[in-house]
Amino acid sequence: MTLETWGGGGETFKYDGSVATGTTIHYGENFRWKAVIGASDYARLLRQFSGKEVAIGTSKSTPPPGSVGEWMKANVNKSGLMSYVGAILVKEKYAVKPRAGRIQFRAV
């Protein structure tokens, strides 16, 4: 499936799988890079942020403290993938974008 990144602006990526089964994210020019996020990683992320509205933290180098991006870099993948993971979470209805720079998680 092809989606726009969190920030939109026409930048796209592809992913296979789902939050429930784990995803392989293909990104970059001609989708030449890939990252795998496991189902257990998504489950931990959803438990951590269940019912909360927080900063998304899409910065690849310095996501804000308390953001999902900071948590992901510390616990799942150091590459700063929130532009992709956030979009996947919204697409699959685990979260919504209540306002710029924020993500609201559904309670699990």
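Checked against (1) surrounded by fewer than 18 Cβ atoms within 10 Å (Cβ to Cβ); (2) touching a residue at least 40 places away in the same chain (Cβ under 8 Å), THR58 passes all but a single condition, namely (1).
For every residue, the table says whether it meets (1) under 27 Å from ALA100 (Cβ atoms); (2) exposed (fewer than 14 other Cβ atoms within 10 Å of the Cβ).
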residue: GLY10; (1), (2): yes, yes
residue: PHE13; (1), (2): yes, no
residue: VAL19; (1), (2): yes, no
residue: GLY22; (1), (2): no, no
residue: ARG32; (1), (2): no, yes
residue: ILE37; (1), (2): yes, no
residue: ASP41; (1), (2): yes, no
residue: LEU46; (1), (2): yes, no
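Determine whether GLY80 is surrounded by fewer than 21 Cβ atoms within 10 Å (Cβ to Cβ) and farther than 22 Å from TYR27 by Cβ. Here the answer is no, as GLY80 does not meet what is asked.
Within region 69-82, residues that are closer than 15 Å to TYR15 by Cβ have Cβ atoms under 6 Å from residues that are in a loop (DSSP other than H, G, I, E, B) in these pairs: MET82/ILE56; MET82/GLY57; MET82/THR58, counting only partners at least 6 apart in sequence or on another chain.
Throughout, read-outs are computed from the coordinates displayed, never taken from laboratory work. Since this is a predicted model, take the numbers as computed values, not measurements. A quick note on method: Cβ atoms are made from the backbone with ideal geometry, for glycine too, and the neighbour counts reach across all protein chains shown.
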